[in-house]
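Report on the following structure.
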């Protein structure tokens, strides 16, 4: 079963009636072979479905309309096996509302030199037909991904598969609902923004609820269900002795379990894929949701703290894109720095809510005081993030547009234990170096709240940004502060002009 097998990519080959039925039958057979090969590739997360050869404007228009209205279809792969006059594609591409990938390939990898005749050239002229198609896409300003190379090349297949994940993220965004318990953390700027514009651009709906609505859902959870989940915690995690059944703090574990069950029920009943809360508005909740938020994230829900609906949505979208890939994805916050002589690094954490999908070992389940919020001590999972490459990603509302900001990092361990920091955390070295990365992040207006992913690389994020029409600024091993600032200025001009065109 494919990790995102509920979705499909449609493979469409373009041709024309000029070549006759025999050639069109060959085009159809070759297109089906390529689609079947892509579908069978281990890297491909979705089903790839071959569609009949497109030979005129009406067949193209009908396919694009059908793709746009079919929920399972997340995108279209177009390939011109022969010459397909591109004016035939204008109406169809104008109607297409799904992401488009232009695959510039050829059925034969190596030319059979001794057999090449005029008929062979007429059939195998992607070098001709795809250039005609590419011109038309550029002429009408069609957003698309272009991939050139042979369809059996693993590197080409990987690029198509990565784009397919971005297309799934785009589809998820257009059905995603975020539940917001309470409002934005008071007086904080970067976590707020224009929810109407966000929905218009990405399709994400953000709905606000009083924390009393959540309290009511929590209060309806039967005690037996609470006891069962508390027992499950003791099975899955190394639970602190004070929290175990019969111990003096076990009731706190039960309250945490009740909150998780209430949250899950509320989200599922309302069809929400992500949520936020804030420690400033907990109402009658006895403790800040800690283990609840962590475990819901591990199950694929998006989350961010302090009412940060943009980051919560982004966590969910990236979790969908990363389905089936190794490595985790979590809400994160740049919390403090180590600037010692052994090299600067960033310590990322939050009060409680880091997803255990990034853990390097089985988490411990602990309870400790929380110095803010004025509630009972919250239960949380404690762990260190796995070492290795990762990307830290932020989304900011700049007023005229939304900016995605990504920094490639190398997650590392810490020197010794952190006995007085009983929260999940990650420590990383930002690329290309601390000073360049942090200065660039600050200049770009990146948030302290981020999405931390070990599963997705910059290519997937770039594909998603292109599909969504979002600005993406990347800080990586090649970044210099001067060039990055110039890039931001160029981006500002581009997006200002593009919005007005």
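Just so you know, all these numbers are worked out from the coordinates, no wet-lab data involved. Please read these numbers as outputs of a predicted model, since none were measured by experiment. Virtual Cβ from ideal backbone geometry, glycine too; neighbours counted across all protein chains shown.
Using helices alone, what [θ] at 222 nm do you get for the chain, with -39,500 (n - 2.57) per DSSP H run of 4 or more residues, divided over all residues and rounded to the nearest 500?
Numbers: 15 runs with 195 residues, N = 501.
Value at 222 nm, helices only, nearest 500: -12500 deg cm²/dmol.
Given contacts defined as C-alpha pairs under 8 Å and at least six residues apart, what's the relative contact order of the range 8-173, whole-number percent? Provide the component values of the computation, followed by the final result.
Values: 290 pairs, mean separation 44.9, N = 166.
Taking the mean separation of contacting Cα pairs over the length of the range 8-173, I get 27 percent.
Please work out whether the range 8-173 counts as rounded, prolate or oblate from its C-alpha gyration tensor, where a ≥ b ≥ c are the square roots of the eigenvalues and a/c under 1.5 means rounded, while otherwise a/b larger than b/c means prolate and anything else oblate? Show your work: numbers first, answer last.
Working: a/c = 1.76, a/b = 1.25, b/c = 1.40.
Cα axes put the range 8-173 in the oblate bin.
Label-to-label distance for residue 209 and residue 118 is 7.1 nm, based on points extended 7 Å past Cα in the beta-carbon direction.
If you wrap the Cα atoms of the range 436-501 in a convex hull and average its projected area over all directions, you get 5.1 nm². With respect to the chain, whose longest principal axis is taken over its alpha-carbon atoms, helix 434-444 is tilted by about 80°.
Taking the empirical scaling 2.2 N^0.38 Å for compact globular proteins as reference, the chain has a Cα radius of gyration ratio of 1.09.
Explain nothing, just the number: relative contact order of the chain, from Cα pairs under 8 Å at least 6 residues apart, as a whole percent.
Details: 1040 pairs, mean separation 60.5, N = 501.
Contact order relative to length: 12 percent.
Taking the C-alpha atoms only, the angle from helix 126-139 to the longest principal axis of the chain is near 60 degrees.
Roughly speaking, what is the stretch gain from residue 442 to residue 186, that is 0.36 nm per residue apart minus the C-alpha to C-alpha distance, in nm to one decimal?
Here the segment from residue 442 to residue 186 would lengthen by 90.0 nm.
Mind giving me the FRET efficiency for residue 410 and residue 216? R0 is 41 Å, r the Cβ-Cβ distance, nearest 0.05 is fine. Don't skip to the answer; put the middle values down first.
Details: r = 45 Å, r/R0 = 1.10.
After rounding to 0.05, the efficiency reads 0.35.
Applying 0.36 nm per residue to the separation of residue 150 and residue 377 and subtracting their alpha-carbon distance, the gain on full extension is 75.9 nm.
Of the peptides 214-221, 258-265, how do they stack up when ordered by the mean number of other Cβ atoms within 10 Å, highest first?
Details: 214-221: 17.6, 258-265: 22.1.
By packing density, highest mean first, the sequence is 258-265, 214-221.
The modelled label-to-label distance between residue 138 and residue 338, using points 7 Å beyond Cα along the C-beta direction, is 5.0 nm.
Just to verify a number: FRET efficiency for residue 225 and residue 65, C-beta to C-beta distance, R0 = 41 Å, to 0.05?
Working: r = 47 Å, r/R0 = 1.14.
Approximately 0.30, to the nearest 0.05.
Using a 7 Å offset from Cα along Cα-Cβ at residue 87, what residues in the range 1-43 end up with backbone N under 17 Å from the label point? Label zone hits: 15-18. Please determine, in degrees from 0 to 90 and to the nearest 10, the orientation of helix 458-468 with respect to the longest principal axis defined by the Cα atoms of the chain, where the helix direction is its Cα long axis. Roughly 70 degrees, rounded to the nearest 10.
Provide the gained length on full extension for the span residue 476 to residue 128, in nm with one decimal, where the gain is 0.36 nm per separating residue minus the Cα-Cα distance. Walk me through the numbers before you get to the answer.
Working: separation 348, 0.36 × 348 = 125.28 nm, distance 3.68 nm.
Separation in residues times 0.36 nm, less the Cα-Cα distance, equals 121.6 nm.
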